[in-house]
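Data first, discussion second: the structure below is written as structure tokens.
The values are calculated or read from the model by the stated rules, or taken from the named source; none is laboratory data. A quick note: this is a predicted structure, and the numbers were derived from the prediction, not measured. Cβ coordinates were reconstructed from backbone atoms using ideal geometry, including for glycine residues, and neighbour counts include every protein chain displayed. To get the accessible areas, we keep the full protein, side chains included, count just its heavy atoms, and leave off ligands, DNA and RNA. Shrake-Rupley method; radii C 1.70, N 1.55, O 1.52, S 1.80 Å.
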Amino acid sequence: VIPMAVCCWLLVHGLLFTSSFAHNEFFTSIGQMTDLLFTEKDLVRSLKDYIRAEENKLEQIKKWADKLDVLSAVATQDPEGFLGHPVNAFKLMKRLNTEWGELESLVLTDMSDVFISNLTIQRQHFPDDNDQTGAAKALMRLQDTYRLDTNTISTGQLPGQHDPQQSSLTVDDCFDLGKVAYSEADYYHTELWMVQALKQLDQGDQSGAVDAVTILDYLSYSVYQQGELERALQFTKRLLELDPAHQRANGNLKYFEYQLSKQKKVEEGDAEGRQKRETRGQADDYLPERKTYERLCRGEGVRMTPRRQSRLFCRYFDNDRHPRYVIGPVKQEDEWDRPRIVRYHNIVSDKEMEKVKELAKPRLRRATISNPVTGVLETAHYRISKSAWLGAYEHPVVDKINQRIEDITGLDVTTAEDLQVANYGVGGQYEPHFDFGRKNEPDAFEELGTGNRIATWLLYMSDVQAGGATVFTDAGAAVWPKKGTAVFWYNLHPSGEGDYRTRHAACPVLVGNKWVSNKWIHERGQEFRRRCGLQETD
């Protein structure tokens, strides 16, 4: 039975669990978020224009008041003598009949019309609650993946960040992050961010929206939900020191004390309690391979031995004396041996990459995944990016890149999918997945009629200051973004069977803006370019 105090908490805070539906989903693409900066810059300029207009209005009113102040001081010393002059009498009539009316009109003039009109128009294209929540979740995802403490994020001292004007989080920002976690019933992150908010408040940071009582209220409940009764009791007592009349805290104090006395009767080595403490912070959808994935994202756990490393080389590659590359071969580097992953350096120019981004940016839409059960394309929380598809016919640069892929790989790209351009958002990622269709997905690419995805070509179109690696969880490999380079691997063995070692993921972008484009090459047309093997893993 839950006591009334806890029931009250659930009732009062239940409204926090409402959610909104995404429209623009700005948080899923840094490239599109850049437009918001210019929108905000325009609004600031409009706001300053409004301030100047108000200042000009007040200056006119002030001049009028100062002039009349001097005039009335003189006139009231000898009213009859002052009005005995016919000009003064006329001007008094005129002022009171006409000029004070003009002043009234000036005072009532609303100088904010232009600014409000501009703001109203721009607000139609503002991020919504879903964007704010998505960006908050991204910060927590980065926090977990790269093992960052809340203070590091709050002070803006992120790895790879060299900007002297580091962005920092206020008490209110930390509190809002904690509230987002709370609305998701993520009490682990609720606790972390509420503790950070309280710490900054104790250190003298100012807050205009939240006080220590409110933070402690969330804190006591979040640690209680994680089974830490003693800490919940401590936070509740501290809250009551600040607000002895707090009704919910008084009820919770009695409840926590009662539960704690019961808990002490249970053996300290209780297995269930210990397991609960060990799994704190683990999400309901926690992937079994996530630890491997996150370690690789941090550059840890890469399974490459010195002996295997000694067999990886760099070379000039002309693809068996291809006419286009006999004189000017490309630079090829072995990134991994099993499965074989190669990187091609300086494969596209800056001008070509900028043109691809320019073509893709207006068409970027939230990236989707194919539901393995229904086959329907849908968005997923584990793929945070926006993508656009570019056909070869749309611009000579796209056609040129497609031809370059064919010349270098030796594979027919006429049956390949269009060039997909992706831009990752705040903490943008794509968790572990296969590019090819598995045996339990026989209809994965049926509508294309070109067979399975035999190979993947991944072009990095930007450098990333921190994070954003492509990791292969089964192979224990990590490939880091480098602008103008492309990595290539086969998803299928020559026999046509899927190579499960190619399971890979795009790590969250910690600092920077990640642009990539990829080409998925299909089986049809490769019959005489990559011949079948007799064994399953040939």
**OP:** Go through region 461-488 and count every residue that is of a type in the set (S, T, N, Q), in contact with a Lys or Arg (Cβ under 7 Å, 6 or more places away or on another chain) and either within 20 Å of Asp337 (Cβ to Cβ) or not in a loop (DSSP other than H, G, I, E, B) (or both).
**Re:** 2
Subject >> Output for region 226-242, where each listed residue is crowded, with 16+ Cβ neighbours inside 10 Å and either part of a helix (DSSP H, G or I) or modelled with pLDDT of 95 or more (or both) >> reply: Leu229, Arg231, Ala232, Leu233, Gln234, Phe235, Thr236, Arg238, Leu239, Leu240
Subject >> Which listed residue is surrounded by fewer than 23 Cβ atoms within 10 Å (Cβ to Cβ), under 30 Å from the mean Cα position of the chain (by Cα) and either among the β-branched types (Val, Ile, Thr) or not in a strand (DSSP E or B) (or both), from Thr450, Thr456, Thr537 >> reply: Thr456
Original post:
Can you find a residue in region 520-533 that is open to solvent by less than 30 Å² (accessible area, probe 1.4 Å) and closer than 17 Å to Ile341 by Cβ?
Top reply: yes
**OP:** Filter region 249-265 down to residues that are at pLDDT 85 or above and charged (D, E, K, R) and give me whichever is least open to solvent (accessible area, probe 1.4 Å).
**Re:** Glu257
Original post:
In region 199-210, is there at least one residue being assigned to a loop (DSSP other than H, G, I, E, B), surrounded by 19 or more Cβ atoms within 10 Å (Cβ to Cβ) and among the aliphatic types (A, V, I, L, M)?
Top reply: yes
**OP:** Kindly establish whether Gln196 is of a type outside the set (Gly, Ala, Ser), assigned to a helix (DSSP H, G or I) and within 20 Å of Val171 (Cβ to Cβ).
**Re:** yes
Subject >> Criterion (modelled with pLDDT under 95, of a type in the set (Asp, Glu) and open to solvent by less than 50 Å² (accessible area, probe 1.4 Å)) met by exactly one of Glu289, Glu268, Glu335, Glu278 >> reply: Glu289
Original post:
Do you know which residues across region 43-68 are among the hydrophobic types (A, V, I, L, M, F, W, C), under 30 Å from Arg123 (Cα atoms) and touching a residue at least 12 places away in the same chain (Cβ under 8 Å)?
Top reply: Leu43, Leu47, Ala53
Original post:
Would you say Val413 is open to solvent by 10 Å² or more (accessible area, probe 1.4 Å), part of a loop (DSSP other than H, G, I, E, B), farther than 23 Å from Asp318 by Cα and not hydroxyl-bearing (Ser, Thr, Tyr)?
Top reply: no
Original post:
Quick one: Pro442 ticks every box in (1) in a helix (DSSP H, G or I); (2) open to solvent by 10 Å² or more (accessible area, probe 1.4 Å) bar one, so which box is it?
Top reply: (1)
**OP:** Give just the number: which of (1) open to solvent by less than 20 Å² (accessible area, probe 1.4 Å); (2) assigned to a loop (DSSP other than H, G, I, E, B) does Ser495 not satisfy?
**Re:** (1)
**OP:** With the checklist (1) open to solvent by less than 50 Å² (accessible area, probe 1.4 Å); (2) modelled with pLDDT of 70 or more in hand, flag the one item Asp35 doesn't pass.
**Re:** (1)
